[in-house]
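A short write-up of the structure that comes next.
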Amino acid sequence: MLTKPLQPARRLSTLREKGMSIVRPGPRSEPLDCVVRVVTPERITLVLPLAGPARRFVAYLLDQMLLAALILIAFLALLVVAMGSVAGLGPGLLAYFVLVWGYGAFCEGVFDGQTLGKYALGIRVVSENGVAITGAQAVLRNLVGTADGLVPFCFLVGLASMILSGRFQRVGDLAAGTIVVIEERRVSRPIARVSSAEIAALLPWLPRRIAAGSKLARVVSDYVDQRRRFTPPRRAEMAEHLARPIRARYAISGQVPADVVLCAFYDRVFLGDLVEPQKQKQQQGVLDP
């Protein structure tokens, strides 16, 4: 005998009558020390990796070493100007005050949120919405940031603030509305060149220059760079889902292997304007051997 399934509301009431507790899953939260996701007004999600305490502490040490060197140079220069007299002490103290209080604010305001220590560690100060910080934010961040540790190397207040804030924000960051993120630096790679008789035969079916989107161009470039690590059957399996829309767009026969299609497509995207002039010069005998 078939029975009608219980509705969700009746099912919950039945479970309650039997003394069973119902646990509803709470909202998912982002893990600490991973990334922060910022949604722009254009509905574009930016994923910004946060810089942790260790990386920021090393950058701080580098900045302090540079700052000490600048203060020493300033004092020596003023003593030379004052000919070793006490008259150079006043300007020296003024230079010390300007460097200690203005170094961080000046560098972060002028160099888009980076001091020399932050640049060496690959981190940058940005606003909470992912844009570059303003000069006012740089000044406020460094001015209020002195509350993190008035005693050198005793930054318990700042460390506690970074852990409790969830975004590794010090007191100065909370006041200025800033975060410190890891700046991704892309390593330039030479353009790979793939040549074979099958690829050369397919090139006339494609336009001389193809303007592909950034995501598609990057995927195809990664495939061509890493394809030699895989066996031919594995290449065909990996390339098939990318080659299918290329075949449909340029009326390429399904008998052409997917690996050949992607390599020819890569050639037209990245080498289209470079290879053709060289071929023409070779045919005319102008290109040096």
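Any read-out appearing in this document is the output of simple, stated calculations on the displayed coordinates, not a laboratory observation. Because the structure is a prediction, the values reported are computed rather than measured. For neighbour counting, all protein chains shown are included, and Cβ atoms are generated from backbone atoms with ideal geometry for every residue, glycine included.
Structural remarks
- Potential extension, residue 143-residue 216 segment - 0.36 nm per residue separation minus Cα distance: 21.8 nm
- Total formal charge among the other residues, if their Cβ is under 11 angstrom from that of residue 176, Lys/Arg +1 and Asp/Glu -1: -1
- Diagonalising the gyration tensor over the Cα atoms of the range 164-250 and scaling each eigenvalue by 5 before taking the square root yields semi-axes of 42, 16, 14 Å, largest first.
- Summarising the amide proton neighbourhood of residue 183: residues at separation of 5 or more, or on other chains, whose placed amide H is nearer than 5 Å comprise 123, 124.
- In order along the range 56-65, the Karplus-derived 3J(HN,Hα) couplings, from 6.51 cos²θ - 1.76 cosθ + 1.60 at θ = phi - 60°, round to 5, 5, 5, 4, 5, 4, 4, 5, 5, 5 Hz, and Gly and Pro are given as x.
- Charge tally for residue 240 (other residues, Cβ to Cβ under 13 Å; Lys, Arg +1; Asp, Glu -1): +2.
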